[in-house]
Amino acid sequence: STRGVERPGRELLATYARNGGGLLIAAGPEVDGEMVADILGGETALAIDTADTGRSERRALAPADVRHPVFQRFGANIATLGLVKFRQVARVSGTGCQLLARFTTGEGALLDCPTGDGRALVLASDLNNRWNDFPLHATFLPFLHEAMRYLAGARTHAGEYYVGEAP
């Protein structure tokens with residue numbers, strides 16, 4: 001939710017992302033698209049519309065770029081993401097963003113948006129079982145794990161450090 005995020009919080013998130021941080025944005029009913037666009041900055045020109053469109057058709061996720069790191073671990077099982085049913089979605093778009101997945105109805109489902117030295121993954125639905133049944137599927141945790149790995153830059157750290165060498 002973006003409710004209650006005041007100007008200082010927005011500025012901290014924006015600075016974090018510009019300096020190489022990663023953000024996962026689930027564009028559900030509690031997300032203000034203008035605030036997210038403000039956090040990510042003008043270079044992505046991100047637009048999120050969470051208003052109810054009145055369409056209640058069920059959609060499935062269809063990866064557009066299976067080579068992207070978020071989807072690579074699924075390998076031959078990538079089609080299992082299509083079992084997730086999305087009842088409601090937000091409209092998401094961004095001029096500087098890469099479309100990673102669509103819904104079977106054609107709308108954009110997952111965007112990868114650069115912001116400064118960082119990036120944001122924008123999912124056009126929530127992650128809490130209000131608009132979809134994603135959390136009820138076995139693909140949910142692997143998807144979140146790979147998304148977090150990608151957003152963190154998949155930097156591996158040593159298990160032991162000498163004083164003064166810790167990252």
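I'd like to know if region 21-31 contains one or more residues that are surrounded by fewer than 17 Cβ atoms within 10 Å (Cβ to Cβ) and in contact with a Lys or Arg (Cβ under 9 Å, 6 or more places away or on another chain). Before you say what the answer is, go through the steps one by one.
Of all residues in region 21-31, those surrounded by fewer than 17 Cβ atoms within 10 Å (Cβ to Cβ) come to 24, 29-30.
Subsequent filtering for residues that are in contact with a Lys or Arg (Cβ under 9 Å, 6 or more places away or on another chain) retains 29-30.
Scanning region 21-31, I find at least one residue that is surrounded by fewer than 17 Cβ atoms within 10 Å (Cβ to Cβ) and in contact with a Lys or Arg (Cβ under 9 Å, 6 or more places away or on another chain), so the answer is yes.
A quick yes/no check of all residues on (1) surrounded by 17 or more Cβ atoms within 10 Å (Cβ to Cβ); (2) part of a loop (DSSP other than H, G, I, E, B); (3) touching an Asp or Glu at 6+ places or on another chain (Cβ under 8 Å):
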site	(1), (2), (3)
Val66	no, yes, no
Thr80	no, no, no
Gln88	yes, yes, yes
Leu111	yes, no, no
When Arg59 is run through (1) under 24 Å from Ala138 (Cα atoms); (2) among the basic types (Lys, Arg); (3) open to solvent by 60 Å² or more (accessible area, probe 1.4 Å), the failure sits at (3)
Here the qualifying pairs (Cβ atoms under 6 Å; residues six or more apart or on different chains; first in region 80-94 and at pLDDT 90 or above; second in a helix (DSSP H, G or I)) come out as Val84/Phe134
Within region 121-141, the residues that are out of contact with any helix residue (DSSP H, G or I) (no Cβ under 9 Å at 6 or more places or on another chain) and buried (at least 16 other Cβ atoms within 10 Å of the Cβ) are Ala124, Trp131, Asn132
Conditions (1) in contact (Cβ under 8 Å) with a residue 40 or more places away in the chain; (2) within 15 Å of Gly118 (Cβ to Cβ); (3) open to solvent by 60 Å² or more (accessible area, probe 1.4 Å) -> Arg73 fails only (2)
Given (1) closer than 17 Å to Ser1 by Cβ; (2) at pLDDT below 90, Ala27 misses just (2)
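Go through region 5-20 and give me each residue that's open to solvent by less than 70 Å² (accessible area, probe 1.4 Å) and part of a loop (DSSP other than H, G, I, E, B).
At the first step, the residues of region 5-20 found to be open to solvent by less than 70 Å² (accessible area, probe 1.4 Å) are 5, 9-10, 13-15, 17, 20.
Correct list: Val5, Gly20.
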Checked region 120-130 for anything part of a strand (DSSP E or B) and more than 12 Å from Leu46 (Cβ to Cβ); matches are Leu123
Can you find a residue that is among the small types (Gly, Ala, Ser), under 12 Å from the mean Cα position of the chain (by Cα) and either over 13 Å from Leu46 (Cα atoms) or surrounded by 21 or more Cβ atoms within 10 Å (Cβ to Cβ) (or both) anywhere in region 93-105? yes
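Take the conditions under 30 Å from Gly82 (Cβ atoms), at pLDDT 85 or above and in a strand (DSSP E or B) and apply them to Ala62. Does it pass?
Numbers: under 30 Å from Gly82 (Cβ atoms): yes; at pLDDT 85 or above: yes; in a strand (DSSP E or B): yes.
Yes; evaluated as a whole, the condition is true for this residue.
May I ask you to say which residue of Glu6, Glu11 is among the acidic types (Asp, Glu) and within 19 Å of Gly118 (Cα to Cα)? Steps first, answer last, please.
Numbers: Glu6 fails: within 19 Å of Gly118 (Cα to Cα).
That would be Glu11, the only listed residue that is among the acidic types (Asp, Glu) and within 19 Å of Gly118 (Cα to Cα).
The values are calculated or read from the model by the stated rules, or taken from the named source; none is laboratory data. Since the model is a prediction, treat every value here as computed from it, not as a measurement. Counting neighbours? That spans all protein chains shown, and the Cβs are built from the backbone with ideal geometry, glycine included. Only protein heavy atoms, including side chains, enter the accessible area calculation; ligands, DNA and RNA are left aside. Shrake-Rupley method; radii C 1.70, N 1.55, O 1.52, S 1.80 Å.
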